[in-house]
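Structure, as structure tokens:
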Amino acid sequence: MAPLWAPFAGAIIAAFFWHPSDLGNVDPGTWILMAAMFGALYGYAAILAVGLPAHILLKRWGHRSVWAYLTTFFVCELIIWAAVYTASYASNGPGVALSILAGTIVDHPGRPIFFGLVGAVVGVTFWMIARPDRKPSSIS
């Protein structure tokens, strides 16, 4: 449930912020749907690869507050964003890819912050569903 914020974020990005100059035969509605579908794939992959392990570690270390989840998922999403963003430019060489990443962070800080905020919302939603702050109830 929590990763469903990612398709929503993908649709927002496609609708308002990222319009490729040449969509070919793809109409804007289809472009937004494609972005939402990519967001779903990205969101579920991220929650399985990073979110669940983060949840397990947070519980093991005794960090069960909503703030711990908000902060952890924010940071995890920033790391995922940086890795994916850098990998998308890796064909130009690692130095160029890291330079582009640094330039984006400095010149357009809203981009990573947006992704981090989506991660924070996912973390809070995950916390609201899992409620790690509560003791498991025993069914008698």
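The values are calculated or read from the model by the stated rules, or taken from the named source; none is laboratory data. Because the structure is a prediction, the values reported are computed rather than measured. Backbone-built Cβ (ideal geometry, glycine too); neighbour counts: all protein chains shown.
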Expected output for segment 62-83 (first residue under 13 Å from Val118 (Cα atoms), partner among the hydroxyl-bearing types (Ser, Thr, Tyr) and surrounded by 16 or more Cβ atoms within 10 Å (Cβ to Cβ), Cβ below 9 Å, 6+ apart or cross-chain) is Ile80/Tyr42
Check your understanding: Going by the structure shown, is Gly51 in contact (Cβ under 8 Å) with a residue 60 or more places away in the chain and buried (at least 19 other Cβ atoms within 10 Å of the Cβ)?
Key -> yes
Those residues of segment 73-116 that are surrounded by fewer than 16 Cβ atoms within 10 Å (Cβ to Cβ) and closer than 24 Å to Ile56 by Cβ come to a total of 4
The condition of being hydroxyl-bearing (Ser, Thr, Tyr) and at pLDDT below 90 holds, among Ser137, Ser65, Ser91, Ser99, only for Ser137
Filtering helices (runs of 4 or more DSSP H) wholly in segment 1-118 for at least 2 residues that are farther than 30 Å from Lys135 by Cα and among the polar types (S, T, N, Q) gives 66-88, 94-107
Every listed condition ((1) within 28 Å of Trp127 (Cα to Cα); (2) surrounded by fewer than 17 Cβ atoms within 10 Å (Cβ to Cβ)) holds for Thr30 save (1)
